[in-house]
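Novice: The following block contains the structure, expressed as structure tokens.
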Amino acid sequence: MSDRPSHGVIAGCGRVGTGIAQRLLAEGYTVSVVDRDPAAFRRLAGLAVRTVEGVCYDRATLIEAGIEVAQALAAVTNGDNSNIVVARTARDLFGVPRVVARIYDVRRAALYERLGIATVASAALTIEMAMRWMLPERTDVRWIDSGARVALVERLLPGAWVGAPVDELETTLGVRVVAVRRLGSSVLPTPRLVLQEEDLLYVAVTGDELDDFERRIVDRRTGASR
């Protein structure tokens, strides 16, 4: 990621926006929350966030919220149109690296994912998925069997592996890539599938390697070491 400070902007101060603000703060981010209704900020009571009253897609409002130095933005108002305008403005005009938009219309969501904008839907799932998109440099365990012998983890592809085939990653790390999500669609990878920037990997890892998986995947040169 870039050398921007750890700052996140949230457009919309409803349940989802408040939940994301709490999670970002817990990750050490500074946070600005934008909403046109000042009463909405009551949900943020006790949270060390900056509140900005105004129209979320207004450029001056976004600048006041720190969009120019933001690493991540979540557009989670109650309107699809507003969210997509905010998301595209953040990505295309201000170059924010991690942008996610809440889109209720699933047909439109698929279109925007093809344009490279991550989209999410329901409230609880929106908070979780938005956090996974805004803060991808973490390995999240999605499932583990009752005997803790095998786990399924989710990880954004580290830059060191861009251009490598799937079978090289599997052989080097001793894992199995179950699926690759790319541009809004998931595929079962072939061994020679070339990994690309922004690929989201679903990887089966043995239980005794789970704790060490994150260390090994971040560095392609030392990934095979135990």
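Novice: What Rg and what Dmax come out for the stretch 1-53 when only alpha-carbon atoms are used, in angstroms?
Specialist: 10.8, 35
Novice: Under Stokes-Einstein, with the Kirkwood radius over Cα pairs standing in for Rh, what whole-number D in µm²/s applies to the stretch 1-105 at 37 °C and 0.692 mPa s?
Specialist: Translational diffusion coefficient: 250 µm²/s.
Novice: Another question, if that's okay. Based only on Cα atoms, what mean projected area does the convex hull of the stretch 140-217 have, in nm²?
Specialist: Averaged projected area of the stretch 140-217's Cα convex hull equals 4.8 nm².
Novice: Under the rule of at least 5 residues apart or a separate chain, name every residue whose amide H is placed under 5 Å from the amide H of A101.
Specialist: A75, A118, T119, V120
Novice: Given a Förster distance of 22 angstrom, what is the FRET efficiency for A179 paired with R149, based on the Cβ-Cβ distance and rounded to 0.05?
Specialist: It comes to 0.65.
Novice: So for the pair V69, D92, with labels modelled 7 Å out along Cα→Cβ, what separation do we get in nm?
Specialist: Here the modelled spin labels are 2.7 nm apart.
Each value in this text was obtained by applying a stated rule to the coordinates, not by laboratory testing. Since this is a predicted model, take the numbers as computed values, not measurements. For neighbour counting, all protein chains shown are included, and Cβ atoms are generated from backbone atoms with ideal geometry for every residue, glycine included.
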